[in-house]
Every structure is written in structure tokens, then in C-alpha cells.
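Visitor: Take a look at this one; I'll ask things after.
Where a number appears in this text, it was derived from the coordinates with a stated rule and is not lab data. For clarity, every value in this text was computed on a predicted model and none was experimentally measured. For neighbour counting, all protein chains shown are included, and Cβ atoms are generated from backbone atoms with ideal geometry for every residue, glycine included.
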């Protein structure tokens, strides 16, 4: 299968949606188009380290999701389907007809939705630390986080980092924890954006459409992920006929950051096989 090649210059650009959101996006490198979609945090910055490596092989496109970072909120409800349509707006603004989408955590739910809404735009789908539908574990976890967000945003930010990384890695990279506290939601508007995003992911269930997705799919996970446990990667891969599944032995939920070399190597290898 061919992967679309686009040669627009590197740099920042914006995408506008019909409801008025303005999405800040970035393009790096040349080659097959690879759209990076981050999780609950929704930032382009999540991918900063990975993008540098991946841009040696691909045209990497990443963006701040609506209401996050430098992107405005718009007026549409913040559902997973809406976030998927926002991805189409970013691809259109970048002049990209087809791409491989790499979605992490909630970004993987967005990728599944885009595979249903616009399958003709995707040459491949990489689902990283994501899920097919809610489990009791996942629902309990995010409902607890939603309550914590309302009661104590600093604790919300702190616990998010403490559970997302392997303890030894976080001990050696403590600046990550400090940065999370410094950027914790601090206003009512910021908390409202996070709250609606949690509500969106809690309502996602891709099980009715997953088997019909026509594009090649890679399922990635880590065996020590305490946010989206590996049994959920097993469930997702089982529901996807022909999908490849790779589980790293360690790395926690944010293994793209804690295990960047292993993560990007798997991405480059798998996308290379699509050509």
C-alpha cells in the first residue's frame, strides 16, 4: 500500500474548523505523511522528542487540540468524533490527502473514529496505549480523576504523572513532574476543557465499527501501563482482523517518552512495510 507523500515546507500553520476553532499545528520533515494525535492532554508538545526522530523518515504533522495550548476552543461539543473531524481540518490545512495516523491513549480513540468517518484519508492507523471500549478499570480510573480535577487540580496533575511513568524513570527525570505541576489546570475555563475531554473519552465505544476499518493497523502497548492496561491492547487487537500487536516490556503509559528509541523504531519499521 502506498503512503501519500507531501513536500510542504516545515513550520507552524493553523487549521480552521467550521465552528470557529483555530488549531495550531506544526509540520516537520518530508516524506510519507504521519499525523500525530496526543491523548487527554491534547498537546503537540507531547510528541516533541519523537517528532525530531520521526521527521528523518516522514513528514510529521502534530497539533494542539481544540481548547488546548495555542488552539482556540470553538463552539462544537468536544466529542471523540468532533476531535476526529478536527484531524481532517489539520490534514486539509497541511495539503495532505492521505496519511498514517498515530494516536496515543485518547488519540487512539480519535484515530478509530477518523478511520470510520474518513477511511479514504488514512493509509494506516497506529493505536498506541489505547482502548476499544470502557472497562470497569478504565471507567473507575477516569471518574476518579474527574473528581480529583474538581477538588484539587494540583493533585490531579501530580497523580497523572506519578502513575503514567515507571517510578525509576520518573525519579531520574524529575523535571517532568515539576513541569506537570507548573502547568496544572488553574482556572475554571481550563478545568472545564479537561472535564469535557474526560467526558468524551468515557463515552467512547468503538466496538460496533472496529471490524470494518479497512486500513492496516498496528496496536502498541506496554506491559506495565497502569492507565490503559495491556489486557485492553489484547482486546483491541482481537477486534481488529489482521492487526499487528506489539507490547513493550516496560515504559508505563507514556512509553513514547520513557522509551523513545524503542517506540520510534517500531513506528518506522511498520510504516515502512506499508509502501
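Visitor: Over the chain, what is the mean sequence separation of C-alpha contacts under 8 Å (at least six apart), divided by residue count, expressed as relative contact order in percent?
Guide: Once divided by the residue count of the chain, the mean separation gives 19 percent.
Visitor: Restricting to Cα atoms and excluding each atom paired with itself, what does the Kirkwood estimate give for the range 121-187 in Å? It would help to have the intermediate numbers written out before the result.
Guide: On the way: mean 1/r = 0.0715 Å⁻¹.
One over the average 1/r among Cα pairs gives 14.0 Å for the range 121-187.
Visitor: What percent antiparallel are the DSSP beta bridges of the chain, to the nearest 5? Working shown, then result.
Guide: Numbers: 13 of 36 bridges.
Here the antiparallel bridges make up roughly 35 percent for the chain.
Visitor: Out of every Cα-Cα pair in the range 136-247, what percent are more than 22 Å apart?
Guide: 47 percent
Visitor: On to the next question. So what does the Cα-only Debye profile of the range 97-142 read at q = 0.14, 0.19 Å⁻¹, as log10 I(q)/I(0), no solvent term?
Guide: For the range 97-142 at q = 0.14, 0.19 Å⁻¹, log10 I(q)/I(0) is -0.35, -0.57.
Visitor: If each residue's Cβ is checked for other Cβ atoms within 10 Å, how do 232, 215 rank with the fewest at the top?
Guide: In increasing order of surrounding Cβ atoms, one gets 215, 232.
Visitor: How large is the direction-averaged shadow of the alpha-carbon convex hull of the chain, in nm²? Can you show the working numbers first?
Guide: Values: hull surface 51.0 nm².
For the Cα atoms of the chain, the hull's average projected area reads 12.7 nm².
Visitor: Below 8 Å, C-alpha to C-alpha, sequence gap of six or more: please give me the relative contact order for the range 196-252 in percent.
Guide: 39 percent
Visitor: Ok, one more. Run through every distinct alpha carbon pair of the range 78-120 and return the Kirkwood hydrodynamic radius in angstroms, one decimal place. Numbers along the way, then the final one.
Guide: Working: mean 1/r = 0.0974 Å⁻¹.
Answer for the range 78-120: a Kirkwood hydrodynamic radius of 10.3 Å.
Visitor: Let me ask something else. Based on the alpha-carbon set only, what is the convex hull volume of the range 10-156 divided per residue, in Å³? Working shown, then result.
Guide: Working: hull volume 16.8 nm³, N = 147.
Per-residue hull volume (Cα only) is 114 Å³.
Visitor: Among 78, 191, rank each residue by its count of other Cβ atoms within 10 Å, from fewest to most, as a rough exposure measure. Don't skip to the end; give the middle numbers.
Guide: Values: 78 21, 191 16.
Going from least to most buried by this count: 191, 78.
Visitor: Run through the DSSP bridge list for the range 1-103 and note the antiparallel percent, rounded to the nearest 5.
Guide: Details: 12 of 20 bridges.
So the antiparallel bridges amount to about 60 percent of the total.
Visitor: With contacts defined as alpha carbon pairs under 8 Å and 6 or more residues apart, what's the relative contact order of the range 1-138 in percent?
Guide: On the way: 310 pairs, mean separation 36.6, N = 138.
Reported relative contact order: 27 percent.
Visitor: When the Debye formula is applied to the Cα atoms of the range 32-118, each taken as the same point scatterer, what base-10 log of I(q)/I(0) results at q = 0.12 Å⁻¹?
Guide: Computed log10 I(q)/I(0) values: -0.31.
Visitor: Output the Cα-based Rg and Dmax of the range 181-275 in Å, rounding Rg to one decimal and Dmax to a whole number.
Guide: Looking at the range 181-275, its Cα Rg and Dmax stand at 16.2, 47 Å.
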